[in-house]
Amino acid sequence: MKRTTPAMEAQISECVKSISRLEAEVKAAYIRLVSVYKARFPELTSIPGITHLQYAKVVLAVKDSSDVFSCCFDGILSVKDTLSLKMMAQVSKGSQLPDILLNECIDLANVIIEKQKERQALAQFVIVNMPALAPNMCALVGPEIAANMMASVGGGLGEMSRQPANNLLLIGREADRSSYGLLINAEVLTCIPPELENLYTKNGVRMLAAKLALCCRMDLLKQHPDGSYGLEMKNEIFNKLGKLCEPLPYKQDKPLPPPIVHSKKKRGGKRARKLKEMTAMTAVRRQQNRIAFGSVAEDEVVVGEDVVGAGLLASTSTRILKADPKLRERVKKQSERALTGIYGKKPTEIKNPFAFSADTALILKKNL
């Protein structure tokens with residue numbers, strides 16, 4: 001890479017300072033031109049995005065003419081802006097200017113054009129020699145943006161290296177056009193898709209400004225003269241923005257987990273245990289429920305007030321109360337006495353309280 005000598009660095013610094021001085025002169029001449037020419041065409045400044053150079057060229061093209069439609073704006077404004085200018089000229093509230101003020105406007109317009117030509121020539125010289133002065137800055141944002149930012153700051157590389165990242169973010173910003181400065185035009189931000197610019201442009205410009213501040217200090221200290229540090233920062237921003245712009249991974253639908261079945265809470269305590277013991281399956285009941293293979297009949301036993309089959313209990317040594325005809329008759333009488341105590345009648349005399357005859361039904365129907 002081409003190395004710079006102290007004389008070339010001083011020359012580039014002088015060019016940068018001259019560019020800053022020319023910009024200040026152009027701005028002062030533009031302010032004076034607008035203050036004088038607005039009496040003739042006050043709507044001219046309302047064209048969106050019109051620059052100082054375009055304004056001066058339009059003033060030279062229109063001058064004090066009352067027929068704006070006959071003026072030619074080719075190479076000055078776009079077709080859309082030209083149409084807007086001609087439509088505004090029809091409803092313009094401006095008046096004719098005196099010759100003195102008109103000549104002053106023409107002189108100011110010529111000054112702006114000449115100053116802009118000098119600035120462009122100096123900026124081109126700085127752009128050509130910028131990679132030798134600030135290789136890392138040029139590797140990160142390009143020589144043109146680096147030269148324009150250095151010219152806007154003024155004072156050369158030393159003054160720019162003292163600027164924090166927040167100030168570098170706003171260099172070259174126009175309050176009526178964008179919230180970002182010259183860094184918005186950097187090549188590294190072109191990896192953001194158009195549909196995601198509103199989401200990630202702010203993050204990209206902030207990262208770029210932070211890395212640019214580091215590259216300025218590297219160039220001031222003459223470190224990494226081959227621009228490798230700037231390329232490394234550029235690749236890092238590319239990778240981070242690429243990660244941000246990647247689509248989210250597909251989320252697979254997971255099957256629902258099996259429901260957690262909890263056992264129903266049951267009553268506990270002495271009373272519950274007694275109830276469970278009454279119906280629990282014991283060894284005696286297990287033998288009672290079984291029948292010997294090939295047997296025709298089984299013995300009967302007395303359980304409480306009932307006579308049930310004995311099953312295999314009859315063949316075991318368990319002491320059980322076997323049911324004979326006398327015992328069966330005695331159990332039957334005990335059951336009848338128990339029912340008589342409840343209902344006051346014998347079981348054979350108990351009737352359904354809801355049963356009635358046909359005559360009773362006929363009487364009820366008549367009463368209804």
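The values are calculated or read from the model by the stated rules, or taken from the named source; none is laboratory data. Given the structure is predicted, the values throughout are model-derived calculations rather than measurements. Positions of Cβ are backbone-derived with ideal geometry, glycine not excepted, and every protein chain shown enters the neighbour counts.
To keep it simple, each residue is scored yes or no on (1) at pLDDT 85 or above; (2) among the hydroxyl-bearing types (Ser, Thr, Tyr).
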| position | (1), (2) |
| --- | --- |
| Gln116 | yes, no |
| Asn148 | no, no |
| Asn166 | yes, no |
| Ile171 | no, no |
| Glu174 | no, no |
| Ser178 | no, yes |
| Asn185 | no, no |
| Leu196 | no, no |
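Enumerate the helices (runs of 4 or more DSSP H) found wholly within segment 223-309, keeping only those where 2 or more residues are in contact with a helix residue (DSSP H, G or I) (Cβ under 8 Å, 6 or more places away or on another chain) and at pLDDT below 70. Qualifying helices (runs of 4 or more DSSP H): none found.
Remark: pairs (first residue in segment 158-173, closer than 16 Å to Ala147 by Cβ; second residue charged (D, E, K, R) and surrounded by fewer than 18 Cβ atoms within 10 Å (Cβ to Cβ); Cβ separation under 7 Å; 6+ apart in sequence or on different chains) = Ser161/Arg217. Cβ-Cβ contacts under 7 Å between residues 6 or more apart (or on different chains), taken from a first residue in segment 64-88 that is part of a loop (DSSP other than H, G, I, E, B) to a second residue that is of a type in the set (D, E, K, R) and surrounded by 17 or more Cβ atoms within 10 Å (Cβ to Cβ), are listed as Asp64/Arg40; Ile76/Lys57. Taking the numbered list (1) under 21 Å from Glu14 (Cα atoms); (2) not in a loop (DSSP other than H, G, I, E, B) in turn, Asn166 passes all entries but (1). Criterion first (surrounded by fewer than 16 Cβ atoms within 10 Å (Cβ to Cβ) and in contact with a Leu (Cβ under 7 Å, 6 or more places away or on another chain)) does Ala29 satisfy it? So Ala29 fails the test.
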